[in-house]
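Novice: Pasting in a structure now, in C-alpha cells, and then I'll have a few things to ask.
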Amino acid sequence: MLADLQQNMPSSGHVELGEFVSSIAVKMYKVWTGNNFNVCPVRNEEFKKFCIEILNLTNLSSVTVFVALKYLERYMKCYAAIDFGIERLFLISLLIADRYVNDTFFSIKRWALNTALPPEEINRMQVMILNNLNYDIYINGNDYLEWINQLSEHIKAEEKLYTDPPKYIKTIMDDITNQRSLISMKIKNQVHFIKLPSGIIHRYTPEVQLPSGIVYRYSPEYK
C-alpha cells in the first residue's frame, strides 16, 4: 500500500526532507526528554546536517521518511523506551521504515558503512526499539492518512513562525497533498484495509527452531 505511493509521484529532495526531519524530530525529542534542545543552535545544526547527509546517501523517499517519523513518535510513547540520542533514534527508525515500506532495502552492513557505526551496535538498537514497539510496525492506509495530516498541521504552524518560510515547507506540503489524494482514492475504492493473515511471516519475524521442535517467531532479521 505505502510502496504504491512512491510510484510516479514527485518527492522532496534529501535537503528538504532533512530540514523537515530536523524541525519536527527536535520538537518531538524535546517534549519526550524535557531537554531544552532548541536553545542550542549548534546542536540543532549538527542534527540537520546528519539528516541531510543520511538521506542523501540512502536516497529514501518522503513516504519512508514520514513512516520513520511515525515509528519515532510511537517509540517515544513507550514506557521503557531508552534514549540513544536523537541521531541514533532517527537512524534506527529510518532503517525500520526502509524495511517496511520498500521491497528492496538497505542491509545492516550498508547502514554501518553509511554511518560509521558497528553493525552490532545498529542491531542492538534495532532490537531494543522493536521490542518496545512489540514488533508492531504495521501502518494501514487510514493510520498513514491521519499521520500525514498531523505532519501537515505541524508545517502550517511552522510556516506562521517565519516571514520568509523555509523552502522545504512547500515541497513537503506538495508531497503530503499528493499522498493524501492517492490514499483517499484507495480508501474510497476499498471498504477497509485488512492486516496480513496471522500465518504470513513478516520480514522482521523469521522462524527460529527451538530444541523442542516448536517454531517461535520473535527476532528481527539481520541482513
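Nothing in this text is a laboratory measurement; each read-out follows from the coordinates by a stated rule. Since the structure is predicted, the reported quantities are computational estimates derived from the model, not experimental observations. Backbone-built Cβ (ideal geometry, glycine too); neighbour counts: all protein chains shown.
Novice: Segment 52-106: D in µm²/s via Stokes-Einstein (Kirkwood Rh, Cα pairs, 4 °C, 1.567 mPa s)?
Specialist: Stokes-Einstein gives a translational diffusion coefficient of 113 µm²/s.
Novice: Ok, one more. I want the local charge near Asn59. Using Cβ-Cβ distances under 14 Å, sum +1 for each Lys or Arg and -1 for each Asp or Glu among the other residues.
Specialist: -2
Novice: What length, rounded to one decimal in nm, is gained on full extension from Thr177 through to Arg124, with 0.36 nm per residue of separation minus their alpha-carbon distance? Don't skip to the answer; put the middle values down first.
Specialist: Numbers: separation 53, 0.36 × 53 = 19.08 nm, distance 3.64 nm.
Additional length available on full extension: 15.4 nm.
Novice: Using the Cα atoms of segment 3-189, I'd like the radius of gyration and the largest Cα-Cα distance, Dmax, both in angstrom.
Specialist: 15.9, 48
Novice: May I pose another question? Treat each spin label as a single point 7 Å out from the Cα along the C-beta direction, and report the Ala157 to Ala80 distance in nm.
Specialist: Taking the simple label geometry, Ala157 and Ala80 are separated by 3.1 nm.
Novice: Could you put Val26, Val67, Val127 in order, starting from the residue whose Cβ has the fewest other Cβ atoms within 10 Å?
Specialist: Going from least to most buried by this count: Val127, Val26, Val67.
Novice: Now for a different question. What FRET efficiency comes out for the pair Leu117/Asn59, r = Cβ-Cβ distance, R0 = 22 Å, nearest 0.05?
Specialist: 0.70
Novice: Is the shape of segment 53-162 rounded, prolate or oblate, going by the alpha carbon gyration tensor and its root eigenvalues a ≥ b ≥ c, with a/c under 1.5 for rounded and a/b larger than b/c for prolate?
Specialist: Working: a/c = 1.57, a/b = 1.38, b/c = 1.14.
Prolate, since a/c reaches 1.5 and a/b exceeds b/c.
Novice: Please give the net charge around Met125, taking every other residue with its beta carbon less than 13 angstrom from that of Met125, where Lys and Arg add +1 and Asp and Glu add -1.
Specialist: Cβ neighbours under 13 Å give a net charge of -2.
Novice: Still on this structure, please answer the following. Would you mind ranking Met76, Met185 by Cβ crowding within 10 Å, fewest neighbours first?
Specialist: The most exposed by this proxy come first: Met185, Met76.
Novice: Additional query: Which of Leu117, Leu130, Leu55 comes first, and how do the rest follow, when ranked by fewest Cβ neighbours within 10 Å?
Specialist: Neighbour counts put them in this order, fewest first: Leu117, Leu130, Leu55.
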